[in-house]
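Accompanying notes for the structure given below.
The values are calculated or read from the model by the stated rules, or taken from the named source; none is laboratory data. All figures in this text were calculated on a predicted structure; none of them were measured in a lab. Counting neighbours? That spans all protein chains shown, and the Cβs are built from the backbone with ideal geometry, glycine included. Surface accessibility is based on the protein's heavy atoms, side chains included, excluding ligands, DNA and RNA. Shrake-Rupley method; radii C 1.70, N 1.55, O 1.52, S 1.80 Å.
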Amino acid sequence: MDAVLYIGLGLLIAFAVAVLRTRYMTFMAQKPEDFEGTGPAFDLRQHLNGPILCEGVIYGPTGRVSSRFVADMNATWEGNVGVMTERFHYDSGNTQDREWRLTLGNDGSIKAEAPDVIGVGQGQQTGPGVQLKYRIQLPEASGGHVLDATDWMYLVENGTIMNRSQFRKYGIKVAELVATMRPKNMPDAPRGKAA
């Protein structure tokens with residue numbers, strides 16, 4: 001009887017540690033307020049504006065790279081309403097187009113809509129960070145699954161945006177994207193020197 005009690009107690013402790021780790025110590029535990037008072041300040045209207053080059057990789061559920069891509073993006077703003085078009089070129093030879101409609105609130109809140117986004121995505125820009133959460137439906141060629149997406153974009157000092165996104169189904173991570181975004185007219189840093 002004591003062995004069953006110890007096993008049960010051990011499983012309960014392991015479960016509690018896993019829940020606490022997920023809630024407080026992982027990518028999903030980040031909050032916009034974690035970036036309050038830090039800089040440089042990320043303003044979507046300034047930093048996601050005009051022609052943008054995006055380069056990145058997508059990791060599958062095992063953590064291995066499943067796809068690489070380059071994307072041409074272009075964003076325009078009228079006041080607090082922006083439209084961002086994206087054309088992805090994947091290493092498979094496939095292309096994908098998306099058009100986001102972004103609405104920025106005076107408090108830094110973000111509403112995001114796109115044809116493959118179910119409902120309206122919600123986000124927040126605070127300090128150098130932007131968080132966006134939404135539900136996305138994959139193309140039929142990719143199974144047509146609906147995934148919960150969490151995007152984080154981080155502005156670095158030279159104006160480059162680092163993007164990390166996780167995609168989950170039933171709470172389980174099934175894919176992750178890591179990419180850079182920078183204005184097309186941004187000069188490359190000299191080789192061997194920091195930007």
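Might you tell me the accessible area per residue for the chain, computed with a 1.4 Å probe and given in Å²? Here the residues of the chain average 61 Å² of exposed surface. Could you please tell me the mean projected area of the C-alpha convex hull for the chain, averaged over all directions and given in square nanometres to one decimal? It is 14.9 nm².
Let me know the number of lysine pairs in the chain closer than 18 Å at the Cα, not counting same-chain pairs under 8 apart. Each step should come with its number before you reach the end.
Details: LYS31/LYS111; LYS31/LYS133; LYS111/LYS133; LYS133/LYS169; LYS133/LYS173.
Within the chain, the lysine pair count is 5.
Taking all protein chains together and a 1.4 Å probe, the residues SER142, SER165 rank SER142, SER165 from largest to smallest accessible area. Taking all protein chains as they are arranged and a probe of 1.4 Å, the heavy atoms of GLU36 leave approximately 120 Å² accessible to solvent. Measuring nothing but protein heavy atoms, the accessible surface of the range 68-195 at 1.4 Å probe radius is 51 percent carbon and sulfur.
Let me know the shape class of the range 120-182, please: from the alpha-carbon gyration tensor, a ≥ b ≥ c as square roots of the eigenvalues, rounded when a/c is under 1.5, otherwise prolate if a/b is greater than b/c, or oblate.
Prolate, because a/c is 1.5 or more and a/b exceeds b/c.
Here each label is just a point 7 Å from Cα along the line to Cβ, and for MET186 and GLU113 those points are 3.0 nm apart. Across the range 52-150, counting alpha-carbon atoms alone, Rg and Dmax equal 14.5, 42 Å. Residue separation of GLN30 and LEU138 scaled by 0.36 nm, minus their Cα-Cα distance, works out to 36.4 nm of gained length. Only DSSP H runs of four or more residues enter the estimate; each adds -39500 (n - 2.57), and after division by the residues of the chain the mean residue ellipticity at 222 nm equals -4500 deg cm²/dmol.
Once you reduce the range 94-109 and the range 113-176 to the center of their Cα atoms, the two points are 11 Å from each other. Solvent-accessible surface (1.4 Å probe) assigned to LEU48 amounts to roughly 10 Å².
Going by accessible surface with a 1.4 Å probe and the largest first, MET73, MET162 read MET162, MET73.
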